[in-house]
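In what follows, a single structure is set out as structure tokens and then discussed.
The numbers here are math on the coordinates, done by the rules we state, and not lab data. Bear in mind the structure is a predicted one, so any value in this text is a computation, not a measurement. Positions of Cβ are backbone-derived with ideal geometry, glycine not excepted, and every protein chain shown enters the neighbour counts.
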């Protein structure tokens, strides 16, 4: 016995070609308040309702889990209400009458997406997610089910979303929809005039006219990297030269990712030949990674907090690197802004391998100041997001190079290597007091 469903959604004329597409991949570049989220929620809903697949699974992924809830959850429940048999608030998941699921995820927790399968996915504001999310996490979930994907967002410079946008315009199998406010007719002309009067030109071009060329506000290094790219200093021809030793700078993540830059000092500049970033791996993984690469290491620089002890091993990260007989030094502890200034000074002298360092370069492009909603201005502190790890490792590189040094590194060989010593909470407090000079009281 069939059941008639009525979904209370009338698509805007501008999105009808999107709903009627036959391509597997799609990219929507739409101005603010253009309606892309509503269109994509209903599009994934239609696929989930009319699919012939058994136990079909679909996902809507925003850069942050909270963002997915704030942006799409209410839309999903409202428009698909006639087809929903169960809505799980704690999981941001709806089950439909035919057994299909639609789940909301945050790209800030990629592990929640590993090991699942998907028949279709919407990646919202893909430019704010880490570049590796697509190739390493999402694409494998689609392969065996021949699933589809939609990338949506507003431009924020020439980042990985820009690359997807270019693919959608030039490659077969892709659908592209670009809606600029001056052409879409969605926002009234007098409202657009008011927006233009209240926003600076770059903001207006980026947010309303979908310009990838407009300067991204609050970024630290984008302008410098654009200059390097124009001069040919970001190229796949910047390769490892066995005649020169390799230096490494780490940012060690205890609750998030660990990142490392690999570089060589050449007579005509600094060659950044490699980049690595992983999440949730033990130190042994990085020891094996360092040995697997064909490099002869001169120095491996660790951040200042690598001297802290851990409950798991009772030893500091420095001690474990020394035990593995790596040539390490500890980077000086500098103010974050001083490190950023050092990086800006050095970038013009750096040559990047565009392939091996692609993810790291995107992190540097995306690294930006935090926007303070209360003061309506950019704060001095950087925004902590997926780009922070690569940018922090690059800052370590910057403060240890000869051009920006002026600070003496601590010799790790002066640190006693301790093996198999149990670590207690009391010892952790004492170690923190020794390093910071502050007495912690509970």
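Fully extending the segment from residue 98 to residue 268, taken as 0.36 nm per residue of separation minus the present Cα-Cα distance, adds 54.8 nm.
With the Cα gyration tensor of the chain giving a ≥ b ≥ c as the square roots of its eigenvalues, does the rule (a/c under 1.5 for rounded; else a/b larger than b/c for prolate; else oblate) give rounded, prolate or oblate? Prolate is the answer for the chain, as a/c is 1.5 or above and a/b outweighs b/c. Largest GNM mean-square fluctuation across 218, 173, 157, computed for the chain with C-alpha springs under 10 Å, falls on 173. Could you state the angle between the C-alpha long axis of helix 336-346 and the longest principal axis of the C-alpha atoms of the chain, as a value from 0 to 90 degrees rounded to the nearest 10? Compared with the principal axis, the helix lies near 90 degrees. When the chain is treated as a GNM with alpha-carbon contacts under 10 Å, the residue of 241, 335, 119 showing the greatest mean-square fluctuation is 335. For the pair segment 193-257 / segment 87-102, the C-alpha centres are spaced 38 Å from each other. Relative to the dominant Cα principal axis of the chain, helix 425-436 is inclined by about 80°. Taking the number of Cβ atoms within 10 Å of each Cβ as an exposure proxy, the fewest-first ranking of 367, 297, 220 is 297, 220, 367.
Counting only DSSP beta bridges whose two residues both lie in the chain, roughly 40 percent are antiparallel. With a/c under 1.5 counting as rounded, go ahead and sort segment 21-207 into rounded, prolate or oblate using the C-alpha gyration tensor (a ≥ b ≥ c being the square roots of the eigenvalues; past the cut-off, prolate if a/b is larger than b/c, else oblate). Cα axes put segment 21-207 in the prolate bin.
Look at the alpha carbon pairs under 8 Å that are at least 6 residues apart: their mean separation over the length of segment 1-125 gives a relative contact order of 31 percent. Between helix 388-400 and the chain there is an angle of about 30 degrees, using the helix long axis and the longest principal axis of the Cα atoms. With a Förster radius of 41 Å applied to the C-beta separation of residue 193 and residue 337, the computed FRET efficiency comes to 0.60. Mean-square fluctuations from a GNM of the chain, with a 10 angstrom spring cutoff on Cα atoms, peak among 318, 85, 122 at 85.
For the pair residue 167 and residue 305, label points projected 7 Å from Cα toward Cβ lie 3.4 nm apart. Over the residues of the chain, the helix contribution to mean residue ellipticity at 222 nm works out to -8500 deg cm²/dmol, using -39500 (n - 2.57) for each DSSP H run of at least 4.
In percent, rounded to a whole number, the relative contact order of the chain is 14, using alpha-carbon pairs under 8 Å and six or more apart.
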